[in-house]
Structures are given as structure tokens and as C-alpha cells.
Amino acid sequence: MGPSKEELANYFKNNRKYFDELAHHYKQTDPSYYNKYIAPFYSISFISAGEKRTVKPAIAAFAASMVVFIMGIVLFFMVNQKSIDEDVNVSEDEIENEIESDRVKMLDTLSSLKDLGDYEKGIMYYQLGEYNKAEKFLEKVPEGNALYKDAKLKLNEIKKKKKDIR
């Protein structure tokens with residue numbers, strides 16, 4: 001049996017990320033519990049008028065880093081193609097400024113990833129299928145943390161997945 005209705009309401013209101021992870025877990029492992037206790041929270045009646053749904057920070061950080069990476073590749077090919085097609089002489093200062101700009105963008109993205117907690121990093125690696133890295137971060141979640149219980153659930157899932165892989 002999972003958390004009580006009161007605990008679920010508290011998680012839904014104060015820790016949506018944890019609530020969504022619980023929902024995902026129970027949807028797979030105990031559909032009847034999910035349908036009875038968790039699914040109603042996702043109905044329209046439980047969403048207040050001004051509430052907006054947000055993207056999970058780990059996914060947003062990963063997506064942002066991918067966008068910066070792709071922009072860097074496109075920019076690289078555009079600069080190279082431009083110099084080949086137009087036989088343009090680009091000064092070393094201009095190239096260094098572009099490289100510095102790209103470096104700053106990448107550092108901004110990396111620093112946003114550094115701001116993630118161990119639980120969020122563990123979930124991000126879990127979602128990417130990097131179970132060993134996910135395990136290292138999820139094991140660091142302290143016992144007093146509200147996400148501790150879910151971290152332990154994810155660690156058990158990782159152990160099962162590792163067994164299946166072998």
C-alpha cells in the first residue's frame with residue numbers, strides 16, 4: 001500500500017517532482033492503487049485556475065544542453081561553409097570571440113546542472129539509462145530527505161534492471 005491521500009495531496013502541492021515519480025512507479029507496479037488514489041490528482045478538478053504545469057528541471061537542463069550543443073555544431077559548419085564558399089578571411093579575434101561565446105553558453109548550461117541535487121541527477125541518469133551513475137547519486141540522498149523513499153524505490157528498480165541485463 002502506498003502513501004495516504006493526505007500524503008499524496010501534500011506531495012502534489014509541495015513536491016510535484018516526487019509526486020510524479022511516485023505516480024510513475026505505482027502506475028507500473030500497482031495500477032489499481034494508481035487509479036484509485038493518484039489518477040484523480042491529474043484530473044482538471046485538481047488543477048487550480050492559475051497553476052501551470054512545469055517541465056522537470058533535469059529534463060529542461062538536458063534539453064538546454066542539447067540545444068547549445070546542436071547550436072555549436074551548426075555554427076561550426078556555418079562558419080566553415082561561409083569561409084569556404086565566400087573565401088572570407090576571418091580574423092583570429094573574431095574566431096576567439098565566437099569560441100568564447102560558445103564556451104560561456106556551455107559553462108552556463110553546466111553550472112545549471114551543478115545546481116541539481118543528488119536525487120535529480122540520479123533521476124536524470126536513470127532516464128538516460130546510465131544506471132551506474134544514477135545509482136551513485138541516488139545512494140547519496142540522505143534519510144531525512146523527502147525524496148529518500150523514492151530514491152530507494154529507484155535504486156531497487158536499478159538493481160532489477162541490472163539483473164535483467166546480465
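Read-outs: derived from the displayed coordinates by stated rules, not from any lab. Please read these numbers as outputs of a predicted model, since none were measured by experiment. Note: ideal-geometry Cβ built from the backbone for every residue, glycine included; neighbour counts use all protein chains shown.
Some points to look at:
- The mean of 1/r over all distinct Cα pairs in the stretch 5-46, once inverted, gives the Kirkwood hydrodynamic radius of 10.1 Å.
- Sorted peptide list for 22-29, 116-123, criterion being average Cβ within 10 angstrom, highest first: 116-123, 22-29
- The distance between label points at M78 and S4 comes to 5.7 nm (points 7 Å beyond Cα on the Cα→Cβ vector).
- Full-extension gain in nm, N97 to K161, via 0.36 nm per residue minus C-alpha separation: 18.4 nm
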